[in-house]
Structures are given as C-alpha cells and as structure tokens.
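Working notes, beginning with the structure itself.
Quick note: the coordinates plus some simple rules give every number you see, no bench work behind them. Here the structure is a predicted model, which is why all the values come from computation and not from measurement. As a convention, Cβ positions derive from the backbone with ideal geometry for all residues, glycine included, and neighbour counts pool all protein chains shown.
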C-alpha cells in the first residue's frame, strides 16, 4: 500500500457540545461528575489522577454514585442520594434522541466521547451516493453510530451479542423518529456473523467497530481483544466491498493507542484513503481540562 497522509487530532479539536444534553461538569481524584439531562451522577474515572476542580457542594448535587467493588477494576454498585427514574429518561444530541439509564455495570447507555465520531459518520456518508451507503456496525451496543448512519440515509446492519442492547438501540431509533429507516438488527457473535456474511457474498461499503477488551458472545463465546482482534480485522476485510467508503475503529482497551489502531488498519484493511487518528476525549467544564477516554483511527475514500 502506498504511503498516505496521516492526521492526528489534538484535544483542542472542537467537541460537539452544542445541542447535546450531556455535560462533564468536573473530574478529579479518579472520579467524574456528569450531567445526563436533568440528573447528575458520579462515576469512576481511574485515569484522572489530578485534583477536582469544583468544590464539594457541587459534587453533592449528584443523584447517585457508582463505585467499583473493592479490589476490582470492573463490577460494582450504585449508591443513591435522591430518587432517579430507574426506567430511564431521554436526552438529545443534535437531531437524535437517546434513552439513558443507570445500569448494573455503571454505564448509562451512551458513551459521550464518541460524539465527534457520530458527527463524522453523518458528514462522511452525506458525501457519497445513496447506493453506496451499506454500513455494518459491529459491537453496536445501544446504537448511537447506527442512528447517525441511518440519519444520513444509509442502510445499516447492527450486530451485538446482547439482545438487551439491541432492544435498547431499537428504542433509540424509534425515539429519534427514524423507525422507518432500513436497519437490520442481528443478535449474534460478531466473528461467527462475519464468517457467514463472507460465505453469503454479502459486502459492506463501510464498517464501524468498537470492540470490547473482554466479552461473551450470544452463546457464551469468549472474546479477548489481544487474541481475537487480528482475526476480527481480517474478517472485516473479507466483507468490505471492492471500493469501500470508510472504516471507523475505536477502542477503550488499555495499551491500544491511536497509532496501534492505525497500524492495524493499514496491516489488515489496507486502503489509499487519508487516515485520521487520535484520542477520544470529553471537555471538562469544571477544570478546563480534557478527560481522555480511548482512541480512534479511521480512513475514508476520497469522494
């Protein structure tokens, strides 16, 4: 593959905070104070080793706090300080609407650091003809990227091993007024699905993937990113069209930097498009800093 231009986005790149009912109010001392619509929460942020920016009273406005179980980095419980709708409530991002609610894993059903990628998906797809917008979103979770692609007029196949996550994603599609868009929902192990798609001869013009560090498939298949990622990328290549539009690759796994993601894309996918790689982050309104939250690498075909 010939040498290609490469862009690394700095944390000064504009974060799309306008028309987003989410704010990172402060972070420090391994915690973050976040506002999802009308409710605030404290959740772990182990990478934040600096002091908090806001005073104690601001942090006490939280409705609840999620803490990891002692001696564990993952798995914990919520402590509640005020009543919060456990069935969830909605927040908006631009023209999209998402259901958010506290889960047993400490998640809220949305990863705000991905917001610039949602904008990128929409803007990128709008530059290409509709007949070349057949997009695959694997490890799709609650569907924010799927909604962004559907909003741009794409046909989307959304794959996740969790039936509950796909049900949640379908709710988000309906809430956003996109229920009539051509989205195919697949509950399956991602690797098995990709192999079947290859055998069927199905091809996609773009792939979105955010693989977890560890997970289990629909039939208890074990996924470990350091072992299974190369095979996954080869399978992604096998289902890409001959002249694809883009690949968006993100991860929150320790040790997987933006340069590593870019190298993997070049090695397994290979394309003459321009690369963009960098850190995902959320601006901290309290301290003026940026909360680092994973990495991305993406390439796109020149329209």
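Over the chain, calculate the relative contact order: mean separation of alpha carbon pairs under 8 Å at least 6 apart, over the residue count, as a percent. Kindly include the intermediate steps, with their values, before the conclusion.
Details: 626 pairs, mean separation 53.5, N = 303.
Dividing the mean separation by the residue count of the chain yields 18 percent.
Mean projection of the alpha-carbon convex hull of the stretch 39-105 over all orientations, in nm²? Display every interim value, and only then the final one.
On the way: hull surface 24.0 nm².
Projected over every direction and averaged, the Cα hull of the stretch 39-105 covers 6.0 nm².
Could you state the per residue volume, in Å³, of the convex hull enclosing the Cα atoms of the chain? The partial results should precede the final answer.
Details: hull volume 40.5 nm³, N = 303.
Given the Cα convex hull of the chain, per-residue volume reads 134 Å³.
Dimensions of the stretch 93-218 along principal axes (Cα, Å, largest first)?
Answer, in whole Å and largest first: 40, 34, 25 Å.
If you average the alpha carbon positions of the stretch 254-302 and of the stretch 100-159, how far apart do those two centres end up, in angstrom?
16 Å
Bin by bin, in steps of 5 Å, what percent of the Cα pairs in the stretch 18-63 do you find, going until the bin that has the longest distance?
Using 5 Å bins, I get a P(r) of 6, 24, 31, 22, 13, 4 for the stretch 18-63.
Using helices alone, what [θ] at 222 nm do you get for the chain, with -39,500 (n - 2.57) per DSSP H run of 4 or more residues, divided over all residues and rounded to the nearest 500? Can you show the working numbers first?
Values: 7 runs with 69 residues, N = 303.
Taken over the chain, the calculation gives -6500 deg cm²/dmol.
Which semi-axes, in whole Å and largest first, does the equivalent ellipsoid of the stretch 62-164 have when worked out from the alpha carbon gyration tensor as the square roots of 5 times its eigenvalues? Intermediate values should be presented prior to the final figure.
Numbers: eigenvalues 205, 46, 26 Å².
Over the Cα atoms of the stretch 62-164, the semi-axes work out to 32, 15, 11 Å.
Roughly what angle does helix 163-175 make with the longest principal axis of the chain, taking Cα atoms, 0 to 90 degrees, to the nearest 10?
Value to nearest ten degrees: 90.
Per residue, what volume in Å³ does the convex hull of the Cα atoms of the stretch 181-303 enclose?
Details: hull volume 19.2 nm³, N = 123.
So the per-residue Cα hull volume is 156 Å³.
If packing is taken as the average count of other Cβ atoms within 10 Å, what order do 150-160, 135-145, 290-300 fall into, highest mean first? Numbers along the way, then the final one.
On the way: 150-160: 23.5, 135-145: 26.6, 290-300: 21.4.
My ranking of the peptides, most packed first, is 135-145, 150-160, 290-300.
Beta carbons within 10 angstrom, averaged per residue: use that to sort the peptides 92-99, 276-283, highest first.
Numbers: 92-99: 19.4, 276-283: 21.1.
For the peptides 92-99, 276-283, the packing ranking is 276-283, 92-99.
What is the packing order of peptides 109-118, 194-203, taking the mean over residues of other C-beta atoms within 10 Å and listing the highest first? Don't skip to the end; give the middle numbers.
Numbers: 109-118: 21.0, 194-203: 13.9.
Top to bottom by mean Cβ count within 10 Å: 109-118, 194-203.
Can you list the equivalent-ellipsoid semi-axes of the stretch 151-198, largest first and in whole Å, using the square root of 5 times each Cα gyration tensor eigenvalue?
On the way: eigenvalues 90, 38, 6 Å².
Result for the stretch 151-198: semi-axes of 21, 14, 6 Å.
Run the Debye formula on the Cα coordinates of the stretch 106-168, all scatterers equal and no solvent, and tell me log10 I(q)/I(0) at q = 0.14, 0.15, 0.19, 0.27 1/Å.
Ignoring solvent entirely, the Cα scatterers give -0.40, -0.45, -0.70, -1.17.
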